[in-house]
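Since the structure comes first, as structure tokens, the remarks are kept for the end.
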Amino acid sequence: MTFTTMLKEEISKNEFNIVEARYELVAFLNCIGKFNKDELLITVENASIARRIYKEIKEIYDVSPKIIIRLQKRFKVKQIYILSIKEKLDFIKDSLALGTKIDLETLVTDEEKIAFIEGAFLAVGNVSNPSTSGYHLEFIFTKERLAKQVHKLLEYFKLNAKIIKRGYKTVVYIKASENISDLIKLFKATNSLFYFEDIRIYRDHKNMVNRLNNCEIANQEKTFKTGQRQLEDINYLKSKDLFDLLDDKTKIVADARVRYPELSYQELADIITTEMDYKIGKSGVNHHFIKISELVKRHKEKENES
């Protein structure tokens, strides 16, 4: 089962009241309902969604849609559910504003707005599995006006939705994981929310560990390169008989670097303090290496001048 299917099935099993169900139907049927002269057809692939839409239509309009189950054999065999309505068509069409511009001002409460978004999601929504890919939730509309309306409602809830054209379709999408989580919370899909949050926490922790490891590796590489450069300076001074120009404390630090080329300044300072009876800190070690580097630089400049 995909995460989209899991989420839609949980939404479909939630309790609903008549007012919210009406706005859910408005969005759902405007997205995928096909209104012919004498019939309204609703085709869905999910049995839970089919049951929910059937119940909503029956409770609100006292109409029992005819249910047709067919096997679709394209790519893989699966059942599709077709709800056919031939009663009270004009009344249902007018009530649900089918084929006309929906006035969002009629959505008074937050619950009604959520119901509209929920209906659109059940009809044309998809969300990627957070455990196998990046975070992405989208609505794929064939009617641009519906896309703009859902986008406006998502913005009302501060979910940072974007809208783009994809061929002849209009896509409204959310990329930020926290915004997807907030939308699932609005849908009251508790199990799906826990599943999503568990994976989000795991991935965030894993990414943090990876960043720390990368940072540690980078620091180790930097320490190694610094140690090698300082060894080259020390060896240069010795090869030119310049080492004795250093003061005694700088010589102690230089000798420690020769013995421990891989250590950081702090580690080198701890070794010198413990083994050589010279109390020194990280900044003191750095100061001595600056002396060594400046002596090397001055001598090389003199060589170049001569």
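Looking at the range 297-304, is at least one residue among the polar types (S, T, N, Q) and surrounded by 15 or more Cβ atoms within 10 Å (Cβ to Cβ)?
no
Would you check if there is a residue in the range 169-176 being touching a strand residue (DSSP E or B) at 6+ places or on another chain (Cβ under 8 Å) and part of a loop (DSSP other than H, G, I, E, B)?
The answer is yes, given that some residue of the range 169-176 is touching a strand residue (DSSP E or B) at 6+ places or on another chain (Cβ under 8 Å) and part of a loop (DSSP other than H, G, I, E, B).
Can you name the number of the only condition in (1) assigned to a helix (DSSP H, G or I); (2) exposed (fewer than 12 other Cβ atoms within 10 Å of the Cβ) that Ala123 fails?
It is condition (2) that Ala123 fails.
Would you check which residues across the range 36-85 are assigned to a loop (DSSP other than H, G, I, E, B) and farther than 20 Å from Phe16 by Cα and list them?
Asn36, Lys37, Asp38, Glu39, Glu45, Lys73, Arg74, Phe75, Lys76, Val77
The rows are residues; the columns are (1) assigned to a helix (DSSP H, G or I); (2) surrounded by fewer than 16 Cβ atoms within 10 Å (Cβ to Cβ).
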{"position": "Met208", "(1), (2)": "yes, yes"}
{"position": "Ala254", "(1), (2)": "yes, no"}
{"position": "Ile280", "(1), (2)": "no, no"}
{"position": "Ser283", "(1), (2)": "yes, yes"}
{"position": "Asn286", "(1), (2)": "yes, yes"}
{"position": "Ser293", "(1), (2)": "yes, yes"}
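Which residue out of Phe196, Phe224 is at pLDDT 85 or above and assigned to a helix (DSSP H, G or I)?
Sole residue among the options that is at pLDDT 85 or above and assigned to a helix (DSSP H, G or I): Phe196.
Of the residues Arg259, Arg229, Arg298, Arg211, which is closer than 30 Å to Ser131 by Cβ, outside the structural domain of Thr132 (by TED's automatic domain parsing) and of a type in the set (D, E, K, R)?
One residue alone meets the criteria, Arg211.
Going through Ile180, Ile163 one at a time, which residue ends up being assigned by TED's automatic domain parsing to the domain that holds Val26, surrounded by 14 or more Cβ atoms within 10 Å (Cβ to Cβ) and touching a Leu at 6+ places or on another chain (Cβ under 6 Å)?
Ile180
Could you tell me whether the range 138-154 includes any residue that is part of a helix (DSSP H, G or I), without any contact (Cβ under 8 Å) to a residue 12 or more places away in the chain and in the same structural domain as Ala27 (by TED's automatic domain parsing)?
no
Can you find a residue that is in contact (Cβ under 8 Å) with a residue 12 or more places away in the chain, among the β-branched types (Val, Ile, Thr) and in contact with a strand residue (DSSP E or B) (Cβ under 9 Å, 6 or more places away or on another chain) anywhere in the range 183-205?
Checked against the condition, which is being in contact (Cβ under 8 Å) with a residue 12 or more places away in the chain, among the β-branched types (Val, Ile, Thr) and in contact with a strand residue (DSSP E or B) (Cβ under 9 Å, 6 or more places away or on another chain), the range 183-205 yields at least one hit.
If I ask for residues that are aromatic (Phe, Trp, Tyr) and within 40 Å of the chain's Cα centre (by Cα), which ones from the range 78-94 would you list?
Of everything in the range 78-94, just one residue is aromatic (Phe, Trp, Tyr) and within 40 Å of the chain's Cα centre (by Cα), namely Tyr81.
The values are calculated or read from the model by the stated rules, or taken from the named source; none is laboratory data. It should be emphasised that the depicted structure is a prediction, and the values quoted were computed from it without experimental measurement. Virtual Cβ from ideal backbone geometry, glycine too; neighbours counted across all protein chains shown.
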